[in-house]
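Inspection log for the structure reproduced underneath, given as structure tokens.
The values are calculated or read from the model by the stated rules, or taken from the named source; none is laboratory data. None of these values were measured; they are calculated from a predicted model. Reconstructed Cβ throughout: ideal geometry from the backbone, glycine too, with neighbour counts over all protein chains shown.
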Amino acid sequence: MKNDKRLRLDMWGIAGIVILVTYILFLIYPVGNILKQSFYSTSMGFTLDNFTKFFSMSYYSNTLLNSFKVSITATIFAFIIGTLLAYLFAMFDFKGKKLLRILIIIASMSAPFIGAYSWILLLGRSGVITRFLSQFLGVQTPDIYGFSGIVLVFTLQLFPLIFLYINGAFKNIDQSILEAAEGMGVTGIKRFMTVVLPLLMPTVLAGSLLVFMRAFSDFGTPMLIGEGYRTFPVLIYTEFISEVGGDSAFASALAVIAIVIALSIFMLQQIVSLRFAFSMNALHPVSTKKVKGLKKFWVYVISYGIVFTAVLPQLYLVYTSFQNTSGMVFQSGYSLNSYREAFSRMGNSIFNTLRIPFFAIIIVVLFAVFISYLAVRKRNTVTATIDSLSMIPYIVPGTVLGIAYLTSFNTGVGGTGFLSITGTTAILVISFAVRRLPYTIRSSVAALHQISPSIEEAAQSLGSSKLNTFFRITVPMMMPGIIAGAILSWITMISELSTSILLYTVNTRTVTVAIYTEVIRGNYGIAAALSTILMIFTVLSLLLFMKVSGKDDISL
Amino acid sequence: MTQINISHAKKVFDDVTVIPDLNITINEGELFTLLGPSGCGKTTLLRMIAGFNSIEGGDFYFDADRINDKDPSKRNIGMVFQNYAIFPHLTVRENVEFGLKQRKLDKKVVRETAEKYLKLIQMEKYMDRKPERLSGGQQQRVALARALAINPAVLLMDEPLSNLDAKLRVDMRKAIREIQREVGITTVYVTHDQEEAMAISDQIAVMKDGIVQQVGSPKALYHRPANEFVASFIGRTNIVMAELKHSNEGVAELHLQNGHVVVYPKLNHLSDQTVRVSIRPEDFIRVEQEASLNTFVGKIEDSVYLGLNTEYVVALSDGHLVQVTEESSFEEDLTVGEQIALTINTDKINVYCAEGLTNLSEVK
């Protein structure tokens, strides 16, 4: 209820300005640069050529169509599987739920392209399952490459998101609602379709749109398993990176299209979630029922089956990491050779995977604390601007941000040599931080809303200065929420590929980049070993998250 | 001990004037309550004294010290909040020590002072607990100790009891009253609960729409409310329309709307006019029969038995409904529809001008 809307030059004013300048430098400038490149050429001035080229040639525009096809199909499958599993979890009593839940979270946390590569090993032309089926049963497995492969990987990678969303929403449905339906003679599937699903609808929509966005912007999976089936992010990457005739203006135009699509989806989600918004509060959450006989059999088969399929690629990679290899071919016998090779050749990438996200997370936490405090408690024009700016990375796909950074900082800001950070650790740290900030800001804003302003006023009335109150009272109270959010951010950072693949150099290569390049080169043993190491990092971080947050559950 | 002086206070929120021009003096060591319905500006005024709301006009003094432009942390106040505002990441002891540490006191002094005040509120057993394991009442005790421990010039309490359940509220207000007396600190207390205000205060300021309606002791407010708003806000009352007339001898008479005439010599000095008469439910007295001239009849429309009292809704002969309270008894057997005879305790009624804004029976 402060009356002054002007920015005052106390610590908060200074913090606001520093944050604003940072965002202008590392978000507005690079993204603006992309926009400029896409519309402006030195020879012709303002031009729509790049866009005309894209939409007039089906070779290019088909990729957009392909992206929509795989993303929509994968979203539908992910929705069906995720909802089914969440329903089983909420309604029925069966053993091993906690373990399954953790496995689902692990499956969702790994980099999608690693799943793609593992599925190639399993179901590809010379995959283990493929060979087993054709040799012993004479069954021909369907082609894993292209559309079906991408959909398979996306579905298995992304259904956990739907599951986690709906699992959370089920906790807000009151048992009495189900009982009321039952009292009116509506049970089973009919009850699910007419009562439960409509109640879950806001959550389902939010989750589905998130899944769609992830599928739409993922680049590693179609790159590996797509073969001839090119999606939009693949096109952006290849157009930008291709050594012969790489066209950065055209790539920029593609990036602009990607941003526009993401923005439309984001707005759609806002509108839809407003329309479907209603609040539920369960006094008695839905309680699980014991199942017997055939029904019990199916509950176990479906839930364990889905989760097993989801973690199968990870498990198989762990297995192959211990196999002897010679290039692309796995040999008989087991050893730690792959790990030895991985450490000797890719040792620095392991270190980078810890180092770069570590710096990024420090920046993220610092900025998130200040931005959320400014946005919630010191609302004015500048802080409102910062608040909206901080949400832009939501709608800028990783590949696009990577391209923007490369083109903008190659010769420094505006070609002046100032901040020519391309190829440094700094550019990776900053890009990671910028991309993850919106998520951590959201969780710190939530944490801050939990703190009543009267707590801060109490401290002030006791003679504590505003600064002292912030550091001694507000920040310590926000910390548990922020740390939990930061660990989740950390997990997504260590498996990040789409930005780092563009920005890395030999010295700043991360494990995910190393896995990707090793897979491309055919060094499957090293790739498997590195994937296993990455998985161990993920699992450890997840355990840490559970310890810090005191929950064995991740709510989104 | 500190006297608080507020003159011509003005508060504006987004171009809406919440408090136009307010003057109050709070004496040393007094427990002064700001009472009023929600939105009357009582919390706004308290927060202006605390420094959490800006002051758009007027002067705020703690003794000779003008505090208008002082930061809250420099005003030397202790504040207790409705939602306790206990620091959840600190133990009970650390909560109480927090303010003392800000004053850079010696460690030993900090410890001893904190313990002294925790003993005062009988919470020394819970010293090393985290607040999440305390009940609401216990948390509010800690908040009180925390506010008092820094030995503030004034104690400000913003609806400190409204988050507690009814039984605890009564216990706590007694505790607050005792501790306030013992420490002897000038206290400003905000509440919307008139019973709580009556029980706890030395002086009460009744507020409405940012304007102080009356300042007075609980007794004065109940028996001589300055206007109709105060009369109906403090306790309950019936408003009966009347004509003030004078007999041939010049004695004032109130001709009530049901035709009953009350001889009311107190108003002899006033001219004839339309007035509004405030009669509290317990000042209607039931008599056995329509014995004398001083009684009139009414019909019972409804009755509620409350144990100590029985409340009747009575229709007067002109159809006007009034509330009548009577001490209950085992023998009572009045039923709805029955005719009863009533008289009025004229000593305790208040007569207001036609607008209800001034009390005409106030002895000047």
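State which residue is nearest to the other protein chains (Cβ to nearest Cβ) when the search covers only the stretch A:445-460 and only residues that are polar (S, T, N, Q) and assigned to a loop (DSSP other than H, G, I, E, B). Walk me through it before giving the result.
At the first step, the residues of the stretch A:445-460 found to be polar (S, T, N, Q) are A:450, A:452, A:454, A:460.
Still in the running and assigned to a loop (DSSP other than H, G, I, E, B): A:450, A:452.
Numbers: A:Q450: 10, A:S452: 6 Å.
Checking each candidate, the answer is A:S452.
Give the residue, chosen from A:F154, A:F132, A:F79, that is under 30 Å from A:K292 (Cα atoms), of a type outside the set (V, I, T) and assigned to a helix (DSSP H, G or I). Show your work before the answer.
Working: A:F154 fails: under 30 Å from A:K292 (Cα atoms); A:F132 fails: under 30 Å from A:K292 (Cα atoms).
Step by step, each of A:F154, A:F132, A:F79 is checked, and only A:F79 is under 30 Å from A:K292 (Cα atoms), of a type outside the set (V, I, T) and assigned to a helix (DSSP H, G or I).
Could you please let me know if A:L428 is farther than 24 Å from A:I261 by Cα and either within 14 Å of chain B (Cβ to nearest Cβ) or in a helix (DSSP H, G or I) (or both)?
On the way: farther than 24 Å from A:I261 by Cα: yes; either within 14 Å of chain B (Cβ to nearest Cβ) or in a helix (DSSP H, G or I) (or both): yes.
So A:L428 fits the description; yes.
Okay, residues lined up against (1) assigned by TED's automatic domain parsing to the domain that holds B:G36; (2) in a loop (DSSP other than H, G, I, E, B):
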residue	(1), (2)
B:L221	yes, no
B:A226	yes, yes
B:A242	no, no
B:N248	no, yes
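Kindly indicate whether any position in the stretch A:433-444 is crowded, with 22+ Cβ neighbours inside 10 Å, farther than 30 Å from A:T221 by Cα and away from every other protein chain (no Cβ under 12 Å).
yes
Look at B:T274 and say whether it is of a type in the set (S, T, N, Q), farther than 12 Å from B:E326 by Cβ and exposed (fewer than 13 other Cβ atoms within 10 Å of the Cβ).
Yes, satisfied.
Check whether at least one residue in the stretch A:483-495 is within 23 Å of B:G51 (Cβ to Cβ), touching a helix residue (DSSP H, G or I) at 6+ places or on another chain (Cβ under 7 Å) and either in contact (Cβ under 8 Å) with a residue 40 or more places away in the chain or within 14 Å of another protein chain (Cβ to nearest Cβ) (or both), and report yes or no. Let's see the steps before the verdict.
If we filter the stretch A:483-495 for residues that are within 23 Å of B:G51 (Cβ to Cβ), which is where we start, we get none.
No, every residue in the stretch A:483-495 fails to be within 23 Å of B:G51 (Cβ to Cβ), touching a helix residue (DSSP H, G or I) at 6+ places or on another chain (Cβ under 7 Å) and either in contact (Cβ under 8 Å) with a residue 40 or more places away in the chain or within 14 Å of another protein chain (Cβ to nearest Cβ) (or both).
Keeping to the stretch B:142-175, report how many residues are buried (at least 24 other Cβ atoms within 10 Å of the Cβ) and away from chain A (no Cβ under 14 Å).
Residues meeting the conditions: 1.
Can you tell me which residues in the stretch A:320-339 are more than 32 Å from the chain's Cα centre (by Cα) and small (G, A, S)?
Hits for the stretch A:320-339 are A:S326, A:S332, A:G333, A:S335.
Could you check the stretch B:80-125 and list, in sequence order, the residues that are outside any loop (DSSP other than H, G, I, E, B), surrounded by fewer than 19 Cβ atoms within 10 Å (Cβ to Cβ) and within 30 Å of the chain's Cα centre (by Cα)?
Taking the stretch B:80-125 first, the residues outside any loop (DSSP other than H, G, I, E, B) are B:80, B:92-102, B:107-120, B:124-125.
Checking the rest, the ones that are also surrounded by fewer than 19 Cβ atoms within 10 Å (Cβ to Cβ) come to B:94, B:101, B:107-109, B:111-112, B:115-116, B:119, B:124-125.
Result: B:K119, single match.
Which residues, taken from the stretch A:19-59, are small (G, A, S) and at pLDDT below 85? Break it down into steps so the answer makes sense when it comes.
To start, the set of residues in the stretch A:19-59 that are small (G, A, S) comprises A:32, A:38, A:41, A:43, A:45, A:56, A:58.
Hits for the stretch A:19-59 are A:S41, A:S43, A:G45.
So, restricting to helices (runs of 4 or more DSSP H) that lie completely within the stretch A:463-519, which ones have at least 3 residues that are surrounded by fewer than 21 Cβ atoms within 10 Å (Cβ to Cβ)?
Numbers: elements: A:466-469, A:475-494, A:500-503.
Answer list for the stretch A:463-519: A:466-469, A:475-494.
Condition check: in a loop (DSSP other than H, G, I, E, B) and farther than 28 Å from A:F212 by Cα. Does A:S408 satisfy that?
no
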